[in-house]
Number of protein chains: 4
Amino acid sequence: MGKVKNSKDMGRLLISCPDRPGIVAAVSRFLYERGANIIHSDQHSTDPSGGVFFMRVEFQLPGLSDKEADLNTHFSALASEFNMQWRMSLASRIKRLAVFVSKQEHALLELLWRKRAGDLNADIVMVISNHPDLAGVAASEGIPFHHVPINPANKKEAEKQQIALIKDKVDRVVLARYMQIVTPYFISHYPFQIINIHHSFLPAFAGGNPYVQAYDRGVKLIGATAHYVTAELDAGPIIEQDVERVSHRYGVEDLKQIGQQIERRVLARAVIWEVEDRILVYGNKTIVFA
Amino acid sequence: MGKVKNSKDMGRLLISCPDRPGIVAAVSRFLYERGANIIHSDQHSTDPSGGVFFMRVEFQLPGLSDKEADLNTHFSALASEFNMQWRMSLASRIKRLAVFVSKQEHALLELLWRKRAGDLNADIVMVISNHPDLAGVAASEGIPFHHVPINPANKKEAEKQQIALIKDKVDRVVLARYMQIVTPYFISHYPFQIINIHHSFLPAFAGGNPYVQAYDRGVKLIGATAHYVTAELDAGPIIEQDVERVSHRYGVEDLKQIGQQIERRVLARAVIWEVEDRILVYGNKTIVFA
Amino acid sequence: MGKVKNSKDMGRLLISCPDRPGIVAAVSRFLYERGANIIHSDQHSTDPSGGVFFMRVEFQLPGLSDKEADLNTHFSALASEFNMQWRMSLASRIKRLAVFVSKQEHALLELLWRKRAGDLNADIVMVISNHPDLAGVAASEGIPFHHVPINPANKKEAEKQQIALIKDKVDRVVLARYMQIVTPYFISHYPFQIINIHHSFLPAFAGGNPYVQAYDRGVKLIGATAHYVTAELDAGPIIEQDVERVSHRYGVEDLKQIGQQIERRVLARAVIWEVEDRILVYGNKTIVFA
Amino acid sequence: MGKVKNSKDMGRLLISCPDRPGIVAAVSRFLYERGANIIHSDQHSTDPSGGVFFMRVEFQLPGLSDKEADLNTHFSALASEFNMQWRMSLASRIKRLAVFVSKQEHALLELLWRKRAGDLNADIVMVISNHPDLAGVAASEGIPFHHVPINPANKKEAEKQQIALIKDKVDRVVLARYMQIVTPYFISHYPFQIINIHHSFLPAFAGGNPYVQAYDRGVKLIGATAHYVTAELDAGPIIEQDVERVSHRYGVEDLKQIGQQIERRVLARAVIWEVEDRILVYGNKTIVFA
C-alpha cells in the first residue's frame, strides 16, 4: 500500500527468472543472513513448470545505504545462479519525474496534489509542454516549466531538446495528457520508463478522440488506461484501468468531464505504483504488486 | 424498476419523433383526457433544436384491454401530427422468448432463475440449440427443447427450421451464449428483436475467443456486453455492459469464470429491460429508460 | 448532465405535490402556452395512488429573466390548484457558496478544481475555517478567507460571526471536511442548504474517526457520504455515496488515503447536483434527478 | 485464483505467528528440502516490529498424501520454534458442506450452480431447512434434504438434531439465507466454520429487515456481507462485501431484487475462498489471500 512510511533503511528487490524450486528459499535466506527483515513479499509464477517467476520483496536493513554496493555484489552471484533479471532500489532514493503536458491541467494537477498529500513519494523536477498554458500551474508549486513548441517540421529537434532537458535529471517520464505522439527515438532513452494516460478503456478506442469514438459507439461505460509507452501507439503494457457508467443522456462533453475524473485516478495509481517499484513488465503485460 | 407489479390495466407507450415544443403537453393531455394515470414518464432529447425526442410513458387505465384498439386509433392521429414512431404495449401481454444456446448453461440458467424469482416477467416458450447438451436444463423447468444441428453445409436449412419453430410463437430471441453467427436472413425476421450476450467489453475483443484476447492484451478489467444483433458481427446497438477487475494472477480459465458471472447479470438486465419495453433504438445506439 | 451549457434563458422548475392524474399535463401545457421549450423533464412518484409526486423541468424561454416575475405569479395559481411545493430558478443566476474547512485541503481543492474545469457552475465566494492553515489555498484562487477560531467556550459567538459573514451573500454552505459540529442554531439559517461530506458509508460509522472504526471492524469496502446537515449528527438526507474496495493489507493511514479520493468525488457530485437544482428533499431522503 | 486445477499432490499451509526475521526463509527452506515446489505464496504482517505474521503457501509435492503425516510431524518442530498457529490441508481432500436454508432459493441455487460450473470445489453433502419448500431444489441436484422445523419452544432440540445430522459428515456450514439465529451452543461445534450471508453492507443495518432499513434511511448503495458466525449477531469477522447503486426510484421490493444478486455473488466468493483455505481469522477480522 502506498502511504509514505518511514523509508529509511528500506530496500526493494524486484526479480524475474525462470521458475524452479528453491527461489523463495534462496532469496529469503540471503536477506535473513544479512540481517534484513522482510516487510512484505509478493510472488507470482506464470506456470510452476517451465514458467516465469516474479518476486518483489520489501525489506528493512539497518545501515542499508552503506551496505548497498556490497549487497548488490553478493546478490549478483545468487542472481546468476537462478538466471535472474533483477534490480534493487532504496526507498530513500526518491524517484525524479518529468511530467509532459499540453493544454489540459487535470492530470498534472492530480499529480501535484497527490504529491502534496503525501500519496506520491516522488520529486516532480520539471514540467515540459508544447504549449505555454500550464506554466502558471507549475509555478504555483515551484516547479520549473519548459516550453518546447512542437510542429511536424521540428519534431526531431524538439525531442532532442526534451532529452537534453531531462537527461541524468529524470528517472521516469509521465505523459499527463500530452497530446503528441512520442517517437521511437525518444522512447529508446526511457524504455518502459514512460507512462501515458490514454482516455479510453484500451484496446477500445485507441488513437485520437476516444470520447467521440465512445459516444458514437454508444458504450455504457467509459474508461481510462495508464500504460507504458512503446513504439506502437497506445499498445504498450497496461498498468491500470478503470471505468464509470454513462448513459444515453451523456453528450461528448459530459463523457469528457466524467472521463477526466477517471484519468486522474488511473494515472495517479500508476505513477504511485511505479515510483514504489511495484510494477514488473513481462512481454507486453504487467505484473503489479499493489 | 423491474420487480413485477400488478400489471393489470397497465400500458406502456414508446415514442420517438423530431423534437419540438409541445410533445409532452400533447401526450400527457391525451392520456389525461382518456382517464389514464401516468405512473412513470421518461424523456430524452438529443438536442432541443432539431434533435430527436424519445419518450416512455407507463400509465394505468381501467379496462385498458377493452379500450386498446380505440386508444391506438386516436393516438395515431396525434402521432402523425408530430411525425412520431411509436408503439403501445400492454403489460398484461407477457412477451414470449426463445432462448438460443449451445453447450454452456450459465446464461440460460440465469434467465430461468430470474424468471422463477419473478424478476423476468416473460414466457420462455422454447430453448433451441445446435447441441443436445442442455436438453435436461430446459426439461427441468418444463420448457420445450429443440435440437437443430448446424454445420457449414446446412446453415441456411437450419435457420429456416429455427424460423419455422419460432414464427408467430415468439416475440423476442435471446442468444444466451449461442456459439453460431446468425445470418442476415435470420435477423431480417426479428429486426432489433434479437439480443446477444458477447463475452467482452465491446468494441474491445469482438469476434472469437474474447477471453484469450483479453488475456493476451493484459487488460485489468474484463467485461460483457448485451446488444441487439445486426448484420455486422458484434456491432449492433449496445444495451448494457459491465466489468470486473482482474489481475496478472488470472489465467484464461479464471477470466472465463469471472466473465461468466458478468455475462449472467448483463444479459439478465438487458432481457428484463427489453420485455418491460424500456429500450429504444436510435441509429446504432440505445436509449434505455431503466 | 452537468457540463455547463449555454444557460441563458434556461429555467428550472422543481415541484412536489400529492400525486393525482393531470399534473404533467398541466405543467407541460403551462410552459408550452408561454413559449417555453422543455429541454429535460424528470418525474417520480412514491405511489400513484395517494403518494407524493416530484418533478424537475429544465426549459428554455427567450427573455426569461424579464418574464420571471410574471411566470412566478401565474404558476402560483396552478401550484395552489395542485397543492404544490415548488420553486423556479434561473440557470443564469449562479449560486454562491461558502466552503467551510478545517485543516485538510483535499475536499476544498477538489471543489476549486471542478470550478476551474467548468464542472461546478457556482461562485465560491468565501472560505471559512476554524484554523488558519488553508488561507493560502483560498488565496491562490483569489477567494476571501475568514479565520473564525472555535473552542467549546466561544462556539455560539463563533457561529454568530460565521452567519454575519455569509448572511445575504451565500446561497449554500458546503462543509468540506469541516471538523466541527454545527449547531441547530446555525442550521436553522440554512435549512437543507448545508451539505456535509462524511468520511464513511453512512449509516455505518457515524460520528468521529470513521476510518479507525472501519479498520477495527474489518470492512472490505470503505466509503463516503454527502448529505444535508440536520440537527441530528450524520443523520440528514443522503445525497450521494460511493465506496472502494480495501483489504487486510490496508492500515488506517491507507484507508484515509483511499477514503480522501472517495470523499472528493462524492462531495463534488453532490455540490454540482445542488447548484443545478437537481435535488429534492422528501422526509429524510432525497430525490436526485441526475 | 479459484478455477479448479489439477489438485493432486497439492498442499496448502496456513500460518500465523508473531512476526520476526527469518520466518519466510525457514518455511521456504523446509518445503524446498522436502522436494516441494511453491506454487503460490502470500504473506502479510500487521507490523514487522511486534506484529502478527500471516502466510499461505500453496505447494506441489509428489506423493503428498503418503507423506502427509511425516510432513506434519516435522513441521510441528519448526512451528513451535516460531510459536506458530498453523494447519496443512490437502487440496485433494475436498471439503464437505452443509447448506442451511429457509424459504428463499437464490443463495442455495447460486452455490449449486457454481459447484456444477466447477467454480466451487466442494461437496454439498446435505441441505437442512426449517421449512420444506426447497426440498425439490436439493433433490434436483441429488442432494439429501433434511427438514428440521424450528419454533421458539423446540430451538434447542432442533439444533441438537441438526448437529446429529452434520457431526463427522460436514466440514463447514453455510447459512444461505437461513432465517434463524443460531445459538452459541451450535456455533461452539463449528467455530469460525460457519459462514453467513447478511443482506446488508454491515455494520449498517444489522438485524432484521435490512432492505426496509436501507429504504427508510435512503442510502444510495445497497450491499451484502458474508461473515463468520459468532455469538454476537451479525458481528463476526467479515469475509467479503459488495454493493450496487440504487436510487430514489427503487422501492423495497426492488432493493430485495437487486440485493439478491449481490448476496449470490458475495456468498459464492466467500465459500469458494473458504474451501480453498484462503481465509485466516485474526481477532474479529479476516486475512483473505484471494
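For region D:184-199, which positions are over 19 Å from D:THR286 (Cβ atoms) and surrounded by 19 or more Cβ atoms within 10 Å (Cβ to Cβ)? First the steps, then the outcome.
Here is the first cut: in region D:184-199, the ones over 19 Å from D:THR286 (Cβ atoms) are D:184-186, D:188-189, D:199.
Residues satisfying the conditions are D:PHE186, D:HIS199.
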If we keep only residues of region A:252-270 that are within 25 Å of A:ASP171 (Cα to Cα) and in contact with a Lys or Arg (Cβ under 8 Å, 6 or more places away or on another chain), then the residue surrounded by the most Cβ atoms within 10 Å (Cβ to Cβ) is A:GLU263
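Just to be sure before I move on: is B:ASP234 at positive phi, surrounded by 14 or more Cβ atoms within 10 Å (Cβ to Cβ) and not aliphatic (A, V, I, L, M) in the structure I sent? Can you show your working first?
Details: at positive phi: yes; surrounded by 14 or more Cβ atoms within 10 Å (Cβ to Cβ): yes; not aliphatic (A, V, I, L, M): yes.
Considered against the rule, which asks whether it is at positive phi, surrounded by 14 or more Cβ atoms within 10 Å (Cβ to Cβ) and not aliphatic (A, V, I, L, M), B:ASP234 comes out as yes.
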By residue number, the members of region A:169-216 that are in contact with a helix residue (DSSP H, G or I) (Cβ under 7 Å, 6 or more places away or on another chain) and part of a helix (DSSP H, G or I) are A:TYR185, A:PHE186, A:TYR211, A:VAL212, A:ALA214, A:TYR215
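When you look at B:SER129, is it in the same structural domain as B:ILE262 (by TED's automatic domain parsing), over 30 Å from B:ILE23 (Cα atoms), of a type in the set (Ser, Thr, Tyr) and crowded, with 17+ Cβ neighbours inside 10 Å, yes or no? If you could, list the steps in order and put the result at the bottom.
Details: in the same structural domain as B:ILE262 (by TED's automatic domain parsing): yes; over 30 Å from B:ILE23 (Cα atoms): yes; of a type in the set (Ser, Thr, Tyr): yes; crowded, with 17+ Cβ neighbours inside 10 Å: yes.
Yes, satisfied.
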Subset of region C:208-228, residues among the hydrophobic types (A, V, I, L, M, F, W, C) and surrounded by fewer than 24 Cβ atoms within 10 Å (Cβ to Cβ), comes to C:VAL212, C:LEU221
Within region C:166-183, which residues are touching a Lys or Arg at 6+ places or on another chain (Cβ under 7 Å) and either crowded, with 20+ Cβ neighbours inside 10 Å or under 12 Å from C:ALA122 (Cβ atoms) (or both)? C:VAL170, C:ASP171, C:ARG172
Any chance C:ALA138 is more than 9 Å from every other protein chain (Cβ to nearest Cβ) and either of a type in the set (D, E, K, R) or buried (at least 21 other Cβ atoms within 10 Å of the Cβ) (or both): yes
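Conditions tested, residue by residue: (1) touching a Gly at 6+ places or on another chain (Cβ under 7 Å); (2) more than 30 Å from C:LYS256 (Cα to Cα).
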site: A:PHE75; (1), (2): no, yes
site: A:LEU90; (1), (2): yes, no
site: A:LEU111; (1), (2): no, no
site: A:ALA117; (1), (2): no, no
site: A:ILE128; (1), (2): no, yes
site: A:HIS147; (1), (2): no, yes
site: A:ILE150; (1), (2): no, yes
The one condition in (1) in contact with a His (Cβ under 8 Å, 6 or more places away or on another chain); (2) in contact (Cβ under 8 Å) with a residue 60 or more places away in the chain that B:PHE30 fails to fulfil: (2)
Name the residues in region B:193-224 that are under 22 Å from B:LYS95 (Cβ atoms) and within 9 Å of chain A (Cβ to nearest Cβ), would you? none
For region B:225-245, which residues satisfy the criterion of being touching a Gly at 6+ places or on another chain (Cβ under 9 Å) and of a type outside the set (S, T, N, Q)? B:HIS227, B:TYR228, B:VAL229, B:LEU233, B:ASP234, B:PRO237, B:ILE238, B:ASP242, B:VAL243, B:GLU244
Selection within region C:239-262 - touching a His at 6+ places or on another chain (Cβ under 7 Å) and within 13 Å of chain D (Cβ to nearest Cβ): C:ILE239, C:HIS248, C:ARG249
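May I ask you to verify whether C:ARG269 is closer than 27 Å to D:GLN43 by Cα and assigned by TED's automatic domain parsing to the domain that holds C:PRO191?
Details: closer than 27 Å to D:GLN43 by Cα: no; assigned by TED's automatic domain parsing to the domain that holds C:PRO191: yes.
Taking the combined requirement at face value, the residue does not satisfy it.
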For region A:244-285, enumerate the residues that are touching a Leu at 6+ places or on another chain (Cβ under 8 Å), in a strand (DSSP E or B) and within 24 Å of A:LYS115 (Cα to Cα). A:LEU280
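I need the full set of residues from region C:273-286 which are touching a Gly at 6+ places or on another chain (Cβ under 7 Å), within 17 Å of C:THR225 (Cβ to Cβ) and crowded, with 23+ Cβ neighbours inside 10 Å, in order please.
We begin by selecting, within region C:273-286, every residue touching a Gly at 6+ places or on another chain (Cβ under 7 Å); these are C:276, C:284-286.
Filter once more, so that each one left must be within 17 Å of C:THR225 (Cβ to Cβ): C:284-286.
C:THR286, the sole residue that qualifies.
Would region B:263-279 turn up any residue that is within 11 Å of chain A (Cβ to nearest Cβ), in contact with a strand residue (DSSP E or B) (Cβ under 9 Å, 6 or more places away or on another chain), free of Cβ contacts under 8 Å to residues at least 24 places away in the same chain and not basic (Lys, Arg)? Let's see the steps before the verdict.
Filtering region B:263-279 for residues within 11 Å of chain A (Cβ to nearest Cβ) gives B:266, B:269-270, B:279.
With in contact with a strand residue (DSSP E or B) (Cβ under 9 Å, 6 or more places away or on another chain) added as a condition, the list becomes B:266, B:269-270, B:279.
After this cut, where a residue has to be free of Cβ contacts under 8 Å to residues at least 24 places away in the same chain as well, the list is none.
No, region B:263-279 contains no residue that is within 11 Å of chain A (Cβ to nearest Cβ), in contact with a strand residue (DSSP E or B) (Cβ under 9 Å, 6 or more places away or on another chain), free of Cβ contacts under 8 Å to residues at least 24 places away in the same chain and not basic (Lys, Arg).
A quick yes/no check of all residues on (1) in the same structural domain as C:ALA107 (by TED's automatic domain parsing); (2) touching a helix residue (DSSP H, G or I) at 6+ places or on another chain (Cβ under 7 Å); (3) of a type outside the set (A, V, I, L, M, F, W, C); (4) free of Cβ contacts under 8 Å to residues at least 60 places away in the same chain:
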| residue | (1), (2), (3), (4) |
| --- | --- |
| C:LEU221 | yes, no, no, yes |
| C:ALA226 | yes, yes, no, yes |
| C:GLY236 | yes, no, yes, yes |
| C:ARG245 | yes, no, yes, yes |
| C:ARG249 | yes, no, yes, yes |
| C:GLU253 | yes, no, yes, yes |
| C:GLN257 | yes, no, yes, yes |
Any residue at all in region C:24-40 that's among the aliphatic types (A, V, I, L, M), farther than 19 Å from B:PHE30 by Cβ and at pLDDT below 95? yes
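Among the residues of region D:37-63, write down those that are touching a Ser or Thr at 6+ places or on another chain (Cβ under 8 Å) and in contact (Cβ under 8 Å) with a residue 40 or more places away in the chain.
Initial filter on region D:37-63 (touching a Ser or Thr at 6+ places or on another chain (Cβ under 8 Å)): D:38-41, D:43, D:51-58.
Selection gives D:VAL52, D:PHE54, D:MET55, D:ARG56, D:VAL57, D:GLU58.
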Name, by its number, the condition in (1) facing chain B (nearest Cβ under 9 Å); (2) under 19 Å from the mean Cα position of the chain (by Cα); (3) assigned to a loop (DSSP other than H, G, I, E, B) that does not hold for A:LEU233. (1)
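Picking from B:ALA117, B:ALA77, B:ALA107, B:ALA69, which residue would you name as being free of Cβ contacts under 8 Å to residues at least 60 places away in the same chain, among the small types (Gly, Ala, Ser) and within 14 Å of chain D (Cβ to nearest Cβ)? Walk me through how you get there before you give the answer.
Values: B:ALA77 fails: within 14 Å of chain D (Cβ to nearest Cβ); B:ALA107 fails: free of Cβ contacts under 8 Å to residues at least 60 places away in the same chain; B:ALA69 fails: within 14 Å of chain D (Cβ to nearest Cβ).
B:ALA117 is the lone residue from the list that is free of Cβ contacts under 8 Å to residues at least 60 places away in the same chain, among the small types (Gly, Ala, Ser) and within 14 Å of chain D (Cβ to nearest Cβ).
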For region B:145-154, give me each residue that is of a type outside the set (A, V, I, L, M, F, W, C) and loosely packed, with under 15 Cβ neighbours inside 10 Å. B:HIS147, B:PRO149, B:ASN151, B:PRO152, B:ASN154
Only one of B:ILE166, B:ILE187 is aliphatic (A, V, I, L, M) and within 27 Å of A:LYS220 (Cα to Cα), namely B:ILE187
If a residue has to be part of a loop (DSSP other than H, G, I, E, B), of a type outside the set (A, V, I, L, M) and more than 19 Å from the chain's Cα centre (by Cα) to count, how many in region B:117-142 make the cut? 6
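The values are calculated or read from the model by the stated rules, or taken from the named source; none is laboratory data. Note that the structure is predicted; figures quoted are calculated from it, not measured. All Cβ positions, even for glycine, are placed from backbone atoms using ideal geometry, and neighbour counts span all protein chains on display.
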